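Undergrad: What follows is a single structure, and I will ask about it in a moment.
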Amino acid sequence: MKYADEFRDPVAAKALLDEISKVVADIGATAEKPVHIMEICGGHTHAIFRYGLDKLTPAGIEFIHGPGCPVCVLPMSRVDECVELAERPEVIFTTFGDAMRVPGTKKSLMQAKADGADIRMVYSPLDALEIARRNPEREVVFFGLGFETTTPSTALSIQQAAREGLTNFTVFCNHITVPPPILALLQDPHMVLDGFVGPGHVSMVIGTHPYDFIAQDYGKPIVVAGFEPLDLLQSVLMVLEQIRDGRAEVENQYARVVPESGNPVSMAAIADVYEARPTFEWRGLGEIDESGLRIRPKYAAFDAEEKFGIGYGAESRLVAEPEGCACGSVMTGRMKPVQCPQFGKGCTPEMPLGALMVSSEGACAAYYQYGGARAIEPAE
Ligand code: SF4
């Protein structure tokens with residue numbers, strides 16, 4: 001496949017792995033005393049397991065799977081609010097498919113749909129806009145979910161709805177931003193992190209400068225990475241070289257896609273439509289300052305929280321995780337997915353208990369899909 005095979009070349013991968021082994025030896029990292037590298041993005045977590053990079057790289061590297069899967073960090077209270085909205089008789093609730101199976105305290109959107117709620121899967125907020133145009137007698141709510149990658153398209157749909165004067169289209173805004181949780185993790189005295197592989201798609205929008213604090217204030221290297229095996233191996237090598245050389249810089253391995261200063265059109269749409277919430281809850285991580293976005297008052301007519309009197313700030317916040325769920329420990333690297341007592345037993349991709357098993361970008365789902373399931377099978 002042109003433009004992909006070049007980044008999956010086994011000979012080049014072997015050369016990079018040899019280089020990585022040399023630098024790991026130079027650093028003196030071992031299985032007992034590994035270098036801890038966090039891949040922030042769920043897409044990178046998926047790629048690491050899909051291509052077996054966790055097994056191909058030396059034992060002196062330990063990957064910590066970060067909070068960059070928006071479905072995985074969605075708090076249960078917000079899922080409950082989605083269900084509450086979707087079950088209103090006047091509402092057509094529209095969502096990306098990967099949010100359908102996230103467990104709430106009583107039910108997921110999938111279960112609400114089975115119970116009769118009018119929930120429709122869409123590929124873009126523009127699909128939701130079209131549903132609103134065709135159903136003027138119904139209220140169409142779009143579930144705005146995701147990091148800076150999806151935030152601009154939701155903003156553009158709100159701007160478009162405003163231009164058209166649509167009165168039956170709103171967004172239930174759950175967009176979140178990447179830098180604040182990284183800051184929270186760096187400030188956590190229990191976290192051991194030596195470097196980061198930075199998110200590729202988010203950085204297409206925001207550029208690389210929002211990560212400057214990681215290098216300048218916390219002395220940790222970060223390399224923004226692509227998603228093919230050679231991208232990831234090269235990025236890990238770049239992080240290791242910085243550690244070996246005593247450097248802490250923001251480097252961009254994915255320069256073929258990520259402009260240093262981001263995408264100005266997307267950033268202008270984000271700035272026009274959203275403002276930061278004072279705080280937002282992340283499943284497994286708790287409340288993080290200025291980590292979530294809400295719709296600005298000038299677009300209040302398109303804000304489902306305003307229109308339906310539902311949403312953040314209600315008493316339903318901070319719903320406890322299901323008993324036995326270790327998602328928070330996995331997300332902060334304190335536990336591997338297979339160490340969770342529920343892994344593969346009370347929690348599988350078919351019947352997820354925790355959010356990390358729902359999305360293919362969740363660490364538990366990736367472990368399970370690419371071999372981790374064998375870890376819980378009885379020996380023959
Ligand atoms: S196995 Fe399930 S419950 Fe355990 S940490 Fe993973 S997603 Fe959470």
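Undergrad: Look at residue 329 and say whether it is in a helix (DSSP H, G or I) and within 16 Å of the ligand (Cβ to nearest atom).
TA: Numbers: in a helix (DSSP H, G or I): yes; within 16 Å of the ligand (Cβ to nearest atom): yes.
Here the answer is yes, as residue 329 does meet what is asked.
Undergrad: One residue is enough: does segment 328-337 have a residue meeting the conditions within 25 Å of residue 142 (Cβ to Cβ), modelled with pLDDT of 85 or more and of a type in the set (D, E, K, R)?
TA: Just the residues of segment 328-337 that are within 25 Å of residue 142 (Cβ to Cβ), to begin with: none.
No, segment 328-337 has no match at all.
Undergrad: Can I ask one more? Touching an Asp or Glu at 6+ places or on another chain (Cβ under 7 Å) and either more than 25 Å from residue 151 (Cβ to Cβ) or not assigned by TED's automatic domain parsing to the domain that holds residue 157 (or both): does that describe residue 206? I'd like the intermediate steps shown before the answer.
TA: Working: touching an Asp or Glu at 6+ places or on another chain (Cβ under 7 Å): yes; either more than 25 Å from residue 151 (Cβ to Cβ) or not assigned by TED's automatic domain parsing to the domain that holds residue 157 (or both): no.
In short, no.
Undergrad: Let me ask another. State yes or no: is residue 170 farther than 28 Å from residue 212 by Cα, assigned by TED's automatic domain parsing to the domain that holds residue 93, open to solvent by less than 10 Å² (accessible area, probe 1.4 Å) and in contact (Cβ under 8 Å) with a residue 24 or more places away in the chain? It would help to see each step written out before you state the result.
TA: Numbers: farther than 28 Å from residue 212 by Cα: yes; assigned by TED's automatic domain parsing to the domain that holds residue 93: yes; open to solvent by less than 10 Å² (accessible area, probe 1.4 Å): yes; in contact (Cβ under 8 Å) with a residue 24 or more places away in the chain: yes.
So residue 170 passes the test.
Listed here are the residues, each with its yes/no results for (1) open to solvent by less than 10 Å² (accessible area, probe 1.4 Å); (2) within 30 Å of residue 13 (Cβ to Cβ); (3) in a strand (DSSP E or B); (4) free of Cβ contacts under 8 Å to residues at least 40 places away in the same chain.
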| residue | (1), (2), (3), (4) |
| --- | --- |
| 235 | yes, yes, no, yes |
| 242 | yes, yes, no, no |
| 266 | no, no, no, no |
| 270 | no, no, no, no |
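Undergrad: Do the conditions hold for residue 314, that is, is it more than 7 Å from the ligand (Cβ to nearest atom), at pLDDT 80 or above, open to solvent by less than 50 Å² (accessible area, probe 1.4 Å) and assigned by TED's automatic domain parsing to the domain that holds residue 168?
TA: On the way: more than 7 Å from the ligand (Cβ to nearest atom): yes; at pLDDT 80 or above: no; open to solvent by less than 50 Å² (accessible area, probe 1.4 Å): yes; assigned by TED's automatic domain parsing to the domain that holds residue 168: yes.
When the stated conditions are applied, residue 314 does not pass them.
Undergrad: Right, here's the next one. Among the residues of segment 228-237, are any hydrophobic (A, V, I, L, M, F, W, C), closer than 27 Å to residue 144 by Cα and at pLDDT 95 or above? Before the answer, list the steps.
TA: Taking segment 228-237 and keeping what is hydrophobic (A, V, I, L, M, F, W, C), we get 230, 232-233, 236-237.
Within this subset, residues satisfying the condition of being closer than 27 Å to residue 144 by Cα are none.
No, segment 228-237 has no match at all.
Undergrad: Just to confirm my filter: which helices (runs of 4 or more DSSP H) fall fully inside segment 149-225 and include at least 2 residues that are within 18 Å of residue 282 (Cα to Cα) and more than 15 Å from the chain's Cα centre (by Cα)? So that I can check it myself, show each step before the final result.
TA: On the way: elements: 151-164, 179-187, 200-206, 212-216.
The helices (runs of 4 or more DSSP H) meeting that bar are 179-187.
Undergrad: Something else about it: Looking at segment 91-100, can you tell me whether even one residue there is in contact (Cβ under 8 Å) with a residue 60 or more places away in the chain and assigned to a loop (DSSP other than H, G, I, E, B)?
TA: Checking segment 91-100: not a single residue is in contact (Cβ under 8 Å) with a residue 60 or more places away in the chain and assigned to a loop (DSSP other than H, G, I, E, B).
Undergrad: While we're looking at this one, here's another question. How about segment 117-130: which of its residues are open to solvent by 30 Å² or more (accessible area, probe 1.4 Å) and within 20 Å of residue 308 (Cα to Cα)?
TA: Matches in segment 117-130: 118, 120.
Undergrad: Using beta carbons and a limit of 6 Å, which pairs, at least six apart or on different chains, have the first residue in segment 330-354 and among the aromatic types (Phe, Trp, Tyr) and the second one open to solvent by less than 30 Å² (accessible area, probe 1.4 Å)?
TA: 343/337
The values are calculated or read from the model by the stated rules, or taken from the named source; none is laboratory data. Treat the numbers as computed from the prediction; the structure is a model and nothing was measured. Backbone-built Cβ (ideal geometry, glycine too); neighbour counts: all protein chains shown. Calculation scope for accessible area: heavy atoms of the full protein, side chains included, ligands and nucleic acids excluded. Shrake-Rupley method; radii C 1.70, N 1.55, O 1.52, S 1.80 Å.
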